[in-house]
Amino acid sequence: MWFAYLKDMIMNQKTIQVDALESEAIYILREVVAQFEKPVLLFSGGKDSITLVRLAQKAFYPAKIPFPLMHIDTGHNFPETIEFRDRLTKELGVELIVRNVQDNIDNGSVKEETGKYASRNMLQTETLLDAIEEFGFDACIGGARRDEEKARAKERIFSVRDDFGQWDEKNQRPEVFDMLNGKIDLGQNVRVFPISNWTELDVWSYIEKEAIEIPSIYFAHKRNIFYRDGFIWSADDAVVYRDEEEEVVEQMVRFRTVGDMSCTAAVLSDAVDIAKVVEEIRDSSISERGARIDDKRSEAAMEKRKQQGYF
Amino acid sequence: MNVLKIATAGSVDDGKSTLIGRILYDTKSLTDDKLTAIEEKSKQRGFDYLDFSLATDGLIAEREQGITIDVAHIYFSTRKKSFIIADTPGHVEYTRNMVTGASTAQASIVLIDARNGVVEQTYRHFFINNLLRIKDVVIAINKMDLVDFSEEKYNTIKGEIEYLASKSGYKNQQLTFIPLSALQGDNVVDKSENTPWYTGETLLHHLENLQATDINEVSQVRFPVQTVIRPKTAEFHDFRGYAGKIYGGDLEVGDEISVLPSQTKSKIKTIHFFDTEYLKAKNGSSVTITLEDNVNVSRGDMLVKVAEQPTVTKQLNATVCWMDKEPLQASQKYYIKHGVNDAQAKITQLSSIIKTDFSGKIDNPTALKLNEIGDIQLKLSKPLLVDAYNKNKSNGSFILINPKTNNTVGVGFIR
């Protein structure tokens, strides 16, 4: 009797039930490697792409991640993010490709926005499409989630794009069961979203459970900030435009997303560690993209950007 | 991260948007900025109620036309569980979307307006739940406030659905009838005082309390190999692992397995998940498996237990739901994707169109059009390792791809 009990106890410790969302993401990443010639993981240094990197590690262990990471650098990233990016890729021994929005500005293929709300967020698209063509990537893995925004909620896991990176939202392939149709013509590419079905809370809970390191700006810290249009803007960074009459104060803040500095607002927070962040997200009454100024341009801002090839 | 995927279908008139809105609102899943946006837009359009469809109709065309074109995914969670609702329009021209939404669902909600009872749309929704063999189905009898919370009305509708179920071929389906008012919140999250005669759970409690056995059928275990992992490093020089997801059961170290289609026999040597080895892996887990013997295994091959063989065949009989504007016709050729395996397929026969309102079949049609469901026969370019859909869902389904457009044009259920 006690022997059976003991055996059961040992067996239970040695039994694995992979979480449904994690198992789904790993399945998707493996399909990418099996179905495409030249995949790449789009890495922004944000929590979602960091989560993707951990999932890719798990999917192919003990082999290395079988595709490079690519960062489209707006030049307006938080320095903490860049430092983190370089350290992580070095530790993993994966190839890191960086392409700069500044190069597209310099060669005249895009024009820098001007004025109070100028942001380089939109300009990333051109640099991304150039890089896809330069390397001949046929699958770009990204950390977008359906719960982020209602146009993203309509996105497929394998999302086919044409030469111009365009998203044809009314003509998407149905995705039934977990079968993923990656058949494309030459020149087309597929955007792949393995954590489509995760919520912001799922991502944070995963980071906590797995003890994954993330850039420090996700945690509450003292920062010089100023208020505009109900948003909290960072005053420490030269790329954020500030009127002289906009008063700078020091407060405890953290960032919920780490996009381009010029369009990412901070939130007041006391969450100095991961457990407190998870608790804060659980009880939050403001959505994640509520602090993304680029989404506030119009109700259809995201859908329009996506049609033009934005991530 | 315990997640339950739920399918709903139905029109705005049934109060579906109101129900979803109510669930989001009562579980405090609607954030202030989203709620404010809905309030503003509702007012702007001259509604005197909150139009929760504004939260889910994500495309410009959908908002312009006030219709839902695509499957919308809605996410919310309680302390017990996370939920994903795949929400689809219930009309006949959206059968494709209903099938898509229901294909990944573990439970389903059929909404009925208590005033109107069972209508054509209810039949269709019920039909699709049966076709896809969704085990847990909630019949949500809504707008009970408009029929004075009448137990008699509730029982009449319950009787009609039970009669329908008695004729269905899927006997294990669990039906749960819940009288509710989405508008006023009765029996959605909190138990209603207006229905003292109803002793069952509220909708949310029912969904929260569902166990794996309530949503999964017992079936034989299948391990389709997605990719072979060969690190070729000094530390893992001879490592040859088969990466895939386990469907239908559990696998253990020492299990005697057959590698299909070669029929080579071997034993499971190790089961890996990331950097840890396990003795046993449960249904639904994406793992990596190594075998005792050095056998030839590649993508598309399948590991099964020796005593639990699937059918190896170059011919299929299947029910298909057609998803493309260009109709299916006999003698056409497609790619078939069965799990992670691919082949070419030729339609050898289009036997019938099945009417989704339970009114029968049309025999020997010339074509199967968008949103129609029919029975077909297929000839394959190579043998596939299949089960009947009613024996194993993942190994009993496939998609058809048009070789000219690369689009997914149909989904099939093997008979």
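Those residues that are assigned to a loop (DSSP other than H, G, I, E, B) and under 21 Å from the mean Cα position of the chain (by Cα), I need them from the stretch A:242-263; list them, please.
Of everything in the stretch A:242-263, those that are assigned to a loop (DSSP other than H, G, I, E, B) and under 21 Å from the mean Cα position of the chain (by Cα) turn out to be A:Arg256, A:Thr257, A:Val258, A:Gly259, A:Asp260.
Within the stretch B:213-248, how many residues turn out to be over 28 Å from B:Lys269 (Cβ atoms) and either small (Gly, Ala, Ser) or away from chain A (no Cβ under 13 Å) (or both)? Can you show your working first?
Applying the first criterion (over 28 Å from B:Lys269 (Cβ atoms)) to the stretch B:213-248 yields B:213-215, B:217.
Next cut, either small (Gly, Ala, Ser) or away from chain A (no Cβ under 13 Å) (or both) only: B:213-214, B:217.
Qualifying residue count for the region: 3.
Can you report the number of residues in the stretch A:124-183 which are in a helix (DSSP H, G or I) and either among the acidic types (Asp, Glu) or away from every other protein chain (no Cβ under 14 Å) (or both)?
So the count comes out to 13.
Of the residues B:Ala330, B:Ala345, which is assigned to a loop (DSSP other than H, G, I, E, B) and among the aliphatic types (A, V, I, L, M)?
B:Ala330
Can you tell me which residue within the stretch A:186-207, out of those that are touching a strand residue (DSSP E or B) at 6+ places or on another chain (Cβ under 7 Å) and aliphatic (A, V, I, L, M), is modelled with the lowest pLDDT?
A:Leu201
Restricting attention to the stretch B:356-376, and to residues there that are surrounded by fewer than 16 Cβ atoms within 10 Å (Cβ to Cβ) and part of a strand (DSSP E or B), which single residue is nearest to the chain's Cα centre (by Cα)?
Among those residues, the one meeting the criterion is B:Lys361.
Out of the residues in the stretch A:208-249 that are within 12 Å of another protein chain (Cβ to nearest Cβ) and at pLDDT 85 or above, state the one that is nearest to A:Asp260 (Cα to Cα).
Among those that are within 12 Å of another protein chain (Cβ to nearest Cβ) and at pLDDT 85 or above, it is A:Phe231.
Return the pairs, sorted by first residue and then second, in which the second residue is of a type in the set (S, T, N, Q), the first residue lies in the stretch B:27-45 and is facing another protein chain (nearest Cβ under 10 Å), the beta carbons are less than 6 Å apart, and the residues are 6+ apart or on different chains.
B:Thr31/A:Ser285; B:Thr31/A:Ser287; B:Asp32/A:Ser285; B:Asp33/A:Ser287; B:Lys34/A:Ser287
Of the residues B:Thr195, B:Thr176, B:Thr227, B:Thr156, which is more than 28 Å from B:Val287 (Cβ to Cβ) and assigned to a strand (DSSP E or B)?
Residue meeting the stated conditions: B:Thr176.
Limited to the stretch A:168-227, what total is found for residues that are under 26 Å from B:Phe83 (Cβ atoms) and hydrophobic (A, V, I, L, M, F, W, C)?
The qualifying residues number 13.
Anything in the stretch A:112-133 that is out of contact with any Phe, Trp or Tyr (no Cβ under 6 Å at 6 or more places or on another chain) and at pLDDT 85 or above? List them, or say none.
Selection gives A:Gln124, A:Glu126, A:Thr127, A:Leu128, A:Leu129, A:Asp130, A:Ala131, A:Ile132, A:Glu133.
Restricting to the stretch B:71-82, name every residue that is in contact (Cβ under 8 Å) with a residue 60 or more places away in the chain and at the interface with chain A (Cβ under 10 Å from one of its Cβ atoms).
Passing the criteria: only B:Ser82.
Where the second residue is assigned to a helix (DSSP H, G or I) and the first is surrounded by fewer than 16 Cβ atoms within 10 Å (Cβ to Cβ) and lies in the stretch B:109-129, which pairs have Cβ atoms under 7 Å and are six or more apart or on separate chains?
B:Arg115/B:Leu146; B:Arg115/B:Val147; B:Gly117/B:Thr156; B:Gly117/B:Ile157; B:Gly117/B:Glu160
For the stretch A:166-188, which residues satisfy the criterion of being over 17 Å from A:Phe36 (Cα atoms) and of a type outside the set (Asp, Glu)?
Of everything in the stretch A:166-188, those that are over 17 Å from A:Phe36 (Cα atoms) and of a type outside the set (Asp, Glu) turn out to be A:Gln166, A:Trp167, A:Lys170, A:Asn171, A:Gln172, A:Arg173, A:Pro174, A:Val176, A:Phe177.
Check B:Arg222 against each of (1) among the basic types (Lys, Arg); (2) modelled with pLDDT under 95; (3) under 25 Å from the mean Cα position of the chain (by Cα) and name the one condition it does not meet.
All conditions pass for B:Arg222, except number (2).
Considering only the stretch B:203-219, I want to know if a residue exists there that is polar (S, T, N, Q) and in a helix (DSSP H, G or I).
Yes, the stretch B:203-219 has at least one match.
It is to be established whether one or more residues within the stretch A:68-90 are touching a Ser or Thr at 6+ places or on another chain (Cβ under 6 Å) and among the charged types (D, E, K, R).
yes
The values are calculated or read from the model by the stated rules, or taken from the named source; none is laboratory data. Since we're looking at a predicted model, the values are computed, not measured. Here the Cβ is made from the backbone with ideal geometry for all residues, glycine too, and neighbour counts use every protein chain on show.
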